[in-house]
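Any read-out appearing in this document is the output of simple, stated calculations on the displayed coordinates, not a laboratory observation. The model shown is predicted, which means the values in this text are computed figures rather than measured ones. Every residue, glycine among them, receives a Cβ derived from its backbone with ideal geometry; neighbour counts consider all protein chains shown.
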C-alpha cells in the first residue's frame, strides 16, 4: 500500500512538473500581489474645470494598505506644468496645494498639476485643470501621406509610430515589412532594417518601434516563426536580437506595444501570451506578469503599453479597458471601456506624454468603417485622451473622413503625431491643442 501511494505521489509530482497550474504564475520571477503596495500615494481631485482666477485645493495621500492607515505624506512638492509653484500665465500653486487659475485664458487650456512625493514608490502624481467650459480641442496643423498605388511609396500598412533621439518619426510598417525613418514633415530619411525576413536585422511584419535615452531603436518583430525584439543604434546599424519564441519567462509569441521606465527597463506586452515581459536595457529577462481573463488585473488581447514618469504601466486590451499597474504588475485602476453603439469598441494602442496622460487609438463598432457622432458627419473617432488617473479629457478624429487610426506619438511639447490608414493613402497627421 505504501509503495502504491509513493508511486501515485511521484506520478502527480511529474504531471505538475510538465503541466503547471499557471505558466504565467510559475514564471513571473516576482511575487504576485493583487492590491496596493506600501508607500503608494494618490492625488485628488483628479480633474476640475475652473473659471479665471478661481481657486482649487489639491491634496496627496499615502494609500492605506494591510495594517497601515492612510496618512499625509511628509513632503509634497507642487508644480504647474512642471514649473515649481507655477506662474501667472498658467496659474499659481502654493505649498499647501492650493491652485489659483490665471486671469486670462491660457493656450492650451489644459493645465497639469504636478505633485512630487519623495517617500512614495510612485513619486510623481498628476491632476488636470481645464480653464473655461467644455473639453479642450485638438486641431490639425500638418498632414503628409503616401499613395498606396504609388510604385515609389515605402509604406503600405503602417502599424506603429515612435520618435527617435532627434525627434524624427519612426514607423514600423507591417505591410512592407520595414522600419522607416521620416522627418516630421514627411521627408523620407532612410530604411533602418536590413530587409524583409527572419535573419538578425531583417523584419517580418513589425508591430511597434521606440527609442531609448541612448537613441537606440527597438522594434517588436512579431510574426512568423521568430517573434523577437531587435535593436539598432541611432545611426541605423544593427546591434542585437533578444527573446526566444515560447510561453516561459522572457519568451514571446506576439510582441506588440513597448516602452521604457526611468530605470531603463523595457516593458513589452505580448498579445498571445497575455502577459507583460520585462527586460533590462540589454535584453536580459527580469520578470513577467499578467494572466488571461476578464477580471480586473487580467488581460483580454492586450495590445498597447506605455510607462509613465513614476514607473506605472498602462496596458490597453483590444476590447478594452485600459488598465494601470505598478511596475510589478499590481492592479491600480482601469478606464476606457467599450461604449457601443456610437462609442469606442476596439482599442488598438495606448501612448503617453510626459504628464502621464494616456492617448488611446480607438475604433468604433464598425472597426475602420465605423462612423462616430459628434465629430463631424461621417468622421471616425480616432483618439481618446485620459489623464494619469483615468479621467476622460477629450477625443477627436482625423481630418479626412476616410482616415482611421493606427497609433500616435507625443512630443514633450504636446505635439501629437497620428499615424493613419486610408483606402487610398497612409501617412501622419499632426495635431496641437487649441
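Computed quantities for the displayed model
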read-out	value
Cβ-based exposure ranking for 412, 272, in which fewest neighbours within 10 Å come first	412, 272
Stokes-Einstein diffusion coefficient of region 106-250, Kirkwood radius over Cα pairs, 4 °C, 1.567 mPa s, in µm²/s	73 µm²/s
Label-point separation, residue 54 to residue 237 (7 Å along Cα→Cβ), nm	5.7 nm
Value of Rg to Rh for the chain (Rh from inverse mean 1/r over Cα pairs, i.e. Kirkwood)	1.00
Ordering of 399-406, 148-155, 55-62 by packing [mean C-beta count within 10 Å, highest first]	399-406, 55-62, 148-155
Between region 185-231 and region 237-279, the alpha-carbon center distance in angstrom	14 Å
Globularity ratio of region 127-205, using Cα Rg and 2.2 N^0.38 Å	1.45
Relative exposure of 47, 52, judged by other C-beta atoms within 10 Å (fewest first)	52, 47
Share antiparallel - DSSP beta bridges, region 41-131, percent rounded to 5	85 percent
Stokes-Einstein diffusion coefficient of region 293-366, Kirkwood radius over Cα pairs, 4 °C, 1.567 mPa s, in µm²/s	106 µm²/s
Semi-axis lengths (Å, descending) of the ellipsoid that matches the C-alpha gyration tensor of region 199-281	19, 16, 10
Cα shape, region 41-131, gyration tensor, a/c 1.5 rule	prolate
Packing-based order for 355-362, 417-424, using average beta carbon neighbours within 10 Å, highest first	355-362, 417-424
Value of [θ]222 nm, deg cm²/dmol, for the chain, DSSP H segments ≥ 4, -39500 (n - 2.57) each, nearest 500	-1500 deg cm²/dmol
Protection proxy ranking, peptides 131-138, 245-252, average beta carbon neighbours within 10 Å, highest first	245-252, 131-138
When the convex hull of its Cα atoms is projected in every direction, mean area for region 137-183 (nm²)	4.3 nm²
Globularity ratio of region 191-350, using Cα Rg and 2.2 N^0.38 Å	1.01
